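The values are calculated or read from the model by the stated rules, or taken from the named source; none is laboratory data. Everything quoted here is computed from the prediction, not taken from an experiment. Positions of Cβ are generated from backbone atoms using ideal geometry, with glycine treated the same way; all protein chains shown enter the neighbour counts. Just the protein is used for accessible areas: all its heavy atoms, side chains included, with ligands, DNA and RNA removed. Shrake-Rupley method; radii C 1.70, N 1.55, O 1.52, S 1.80 Å.
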Amino acid sequence: MEPVSLPANQPPQFYQGGAQIEAFRSHQTSGSPLSGQGAAPAFGPEDWVASTVSLYGSPAGSSRGPTRLADGQLLGDAVTADPAAFFGPDHVARFGANPALLVKLLDAGERLPVHCHPDRAFADAHLACPFGKTEAWVIVGTPGADPHVYLGFNRDVESSELETWFAHQNGSEILASMNRIPVRTGDAIFVPAGTPHAISAGVFIVELQEPTDFSVVLEWRDFGLADRRDGQLGMSPELSLQCFDRRRLTAHDIARYHRKAQPNSGGTATLFPPDADPFFQAEDIVVTESTVLPAQYSVLIVLDGTATLETAGSQTPVARGSTVLIPYSAGDLTIRGELHALRCLPAQSR
């Protein structure tokens with residue numbers, strides 16, 4: 001199989017954004033697919049890359065979320081037909097025909113509500129799914145005046161207090177209880193499942209996550225969402241709020257999860273801490289002439305520069321904004337040119 005250049009895939013969301021995705025993708029090489037799927041740019045803040053996942057609550061067979069290939073086939077159908085070619089035998093032995101990874105471009109056109117995602121144990125017990133939604137971010141754009149994120153509580157929070165915030169929508173109290181972290185382009189942040197978090201307006205990220213669309217919001221009233229007191233993810237508020245890790249996230253934890261931007265003059269750097277290894281990993285790759293990457297399923301996001309991806313049977317031109325699925329069976333991948341890219345990888349078989 002050959003590398004697959006992917007078009008934009010922006011299922012509609014409740015929050016605004018999308019302009020930075022459109023600008024980012026406008027730099028692609030001539031002839032690359034640029035058409036979006038689903039949403040107008042104002043409410044297309046997420047580009048789901050190499051996705052086999054549908055928006056939560058979508059009917060079976062929904063096209064909202066899954067990637068559609070150039071021949072019209074859904075990526076999920078293609079990988080089910082030949083998982084070994086896409087992923088290799090070790091991955092298939094562990095995860096079957098599931099990529100075990102979803103990659104997104106996310107442009108926060110407004111501040112996101114504070115929310116969290118269930119972990120694998122909760123998802124298995126209550127959502128009939130082996131995957132939760134641990135995620136991580138690589139900051140690729142910060143055009144706003146005060147780019148920041150919120151990560152974890154800055155003190156222990158009682159369950160009754162969390163339920164009160166949810167019922168009465170005490171937004172200012174919620175934010176005051178959280179760690180507010182300034183960010184800049186090049187930062188990388190690991191977000192374990194259960195950790196409350198939010199992203200400020202204007203922050204543009206590449207997000208790696210487990211392959212689900214499970215979210216439990218703490219703020220809903222001021223974000224155009226329906227009354228969430230009737231349940232979230234099909235659960236009662238009391239049960240869904242059990243997803244939240246109410247413990248204080250310490251300065252030591254934040255230092256471990258937040259890798260501040262570091263110069264890369266050439267080579268490969270791992271972006272997330274070892275805590276991320278059971279879920280995924282991202283590599284910051286800078287190529288000045290050429291480099292060879294071993295055969296492995298991955299998603300390549302080109303941040304800057306131009307290059308050619310070469311395999312034994314193909315040559316694929318790429319530039320800033322290109323998003324490329326690299327199947328295992330493509331073999332070793334040679335990158336020739338001057339390029340800055342993110343290589344997004346699922347958990348490696350042990």
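Looking across segment 243-258, the residues that are farther than 26 Å from Phe43 by Cβ and either surrounded by 17 or more Cβ atoms within 10 Å (Cβ to Cβ) or among the acidic types (Asp, Glu) (or both) come down to Phe244, Asp245, Arg246, Leu249, Asp253, Tyr257, His258. When the residues of segment 259-283 are narrowed to those that are open to solvent by less than 20 Å² (accessible area, probe 1.4 Å) and not in a loop (DSSP other than H, G, I, E, B), which ends up nearest to Leu339 (Cα to Cα)? Per the stated criteria, the residue is Ala282. All conditions but one from (1) in contact (Cβ under 8 Å) with a residue 12 or more places away in the chain; (2) assigned to a loop (DSSP other than H, G, I, E, B); (3) within 22 Å of Leu127 (Cα to Cα) apply to Ala201; the one that does not is (3).
The single residue among Val292, Val302 that is among the β-branched types (Val, Ile, Thr), touching a residue at least 24 places away in the same chain (Cβ under 8 Å), open to solvent by 50 Å² or more (accessible area, probe 1.4 Å) and part of a strand (DSSP E or B) turns out to be Val292. For segment 198-225, a residue qualifies if it is within 19 Å of Glu238 (Cα to Cα) and touching an Asp or Glu at 6+ places or on another chain (Cβ under 9 Å), and the qualifying residues are Trp220, Arg221, Leu225. If I ask for residues that are closer than 14 Å to Tyr328 by Cα and either open to solvent by less than 10 Å² (accessible area, probe 1.4 Å) or assigned to a helix (DSSP H, G or I) (or both), which ones from segment 80-92 would you list? Pro83, Ala84, Ala85, Phe86, Phe87, Gly88, Pro89, Asp90, His91, Val92, listed by residue number.
Residues in segment 215-232 that are open to solvent by 20 Å² or more (accessible area, probe 1.4 Å) and either part of a loop (DSSP other than H, G, I, E, B) or in contact with a strand residue (DSSP E or B) (Cβ under 8 Å, 6 or more places away or on another chain) (or both): 8 in all. Restricting attention to segment 307-350, the residues that are under 18 Å from Glu207 (Cα atoms), open to solvent by less than 10 Å² (accessible area, probe 1.4 Å) and outside any strand (DSSP E or B) total 3. Pairs linking a residue in segment 144-161 that is at negative phi and open to solvent by 60 Å² or more (accessible area, probe 1.4 Å) to a residue that is assigned to a strand (DSSP E or B) and of a type in the set (D, E, K, R), with Cβ atoms under 9 Å and 6 or more positions apart or on different chains, are Arg155/Arg248; Asp156/Arg248. Residues that are closer than 11 Å to Ile139 by Cβ and open to solvent by 10 Å² or more (accessible area, probe 1.4 Å) within segment 184-201 comprise Arg184, Thr185, Gly186, listed in sequence order.
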